[in-house]
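Values quoted throughout were computed directly from the atomic coordinates according to the rules given, and no laboratory measurement underlies them. Everything numeric in this text was worked out from a predicted model, so none of it was measured. We place every Cβ from the backbone using ideal geometry, glycine too, and count neighbours over all the protein chains shown.
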2 protein chains.
Amino acid sequence: MAEKVYFYHAGCDVCADAERQFVENLDKNKLKIERVNLAEEPAKRAEAEAAGVKTVPAFVIAGKPYHINFGANLSDLK
Amino acid sequence: MAEKVYFYHAGCDVCADAERQFVENLDKNKLKIERVNLAEEPAKRAEAEAAGVKTVPAFVIAGKPYHINFGANLSDLK
């Protein structure tokens, strides 16, 4: 079964670029990706923070955060 | 044809973890990944730097750098 992972972003250019290069290219047979726009869904910021996400864009895979480049701080989305 | 991309690392724990979660899960039909250990192949550091890589682990896709978390600065590998 594909593993559920999260891609957190905020609609920024850096986020969109990471989404294109990683989300689009990950093997959908292995990973089931849920995309979460924290600028539009601020209520989900707590779950991102709980997984250790500090900046977006970031993936959470197996409960661990993987920050890709730098788009925005989570704290700036508050 | 699969696009050629590079995964630069230095054999560090953060690198190995990123390799497991991203290199292993990227769609091999879309991307052809060359793994380069800059600690073992310092001569390749110039090509990484030319693409904008500042830290490892990092991917270079379509000529652009994607830094994942933080393992080591390229300058510390010199």
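Straight-line reach from A:K30: which aspartates and glutamates have a Cα under 18 Å away, not including same-chain ones fewer than 8 places off? The qualifying aspartates and glutamates are A:E3, A:E19, B:D17, B:E19, B:E24, B:D27. For the stretch A:34-77, the Cβ-based charge dipole about the Cα centre amounts to some 160 debye (Lys, Arg positive; Asp, Glu negative; other atoms uncharged).
Where does the charge balance sit around B:A72 when Lys and Arg score +1, Asp and Glu -1, over other residues with C-beta under 13 Å from its C-beta? All intermediate terms of the calculation are to be shown ahead of the outcome.
Values: positive: B:R45, B:K54, B:K78; negative: B:D13, B:D76.
Summing Lys/Arg as +1 and Asp/Glu as -1 gives +1.
If the only charges are +1 at each Lys and Arg Cβ and -1 at each Asp and Glu Cβ, what is the size of the charge dipole of chain B around the Cα centre, to the nearest 20 debye?
Numbers: 11 positive and 12 negative charges, 50 e Å.
For chain B, the charge dipole is close to 240 debye.
Toward the positive end of the charge dipole of the stretch B:3-77, with +1 on the Cβ of Lys and Arg and -1 on the Cβ of Asp and Glu, the farthest Cα among B:A18, B:S75, B:G63 is that of B:G63. Using the Cα coordinates of chain A, the gyration tensor eigenvalues translate into equivalent-ellipsoid semi-axes of 19, 14, 10 Å, sorted from longest to shortest.
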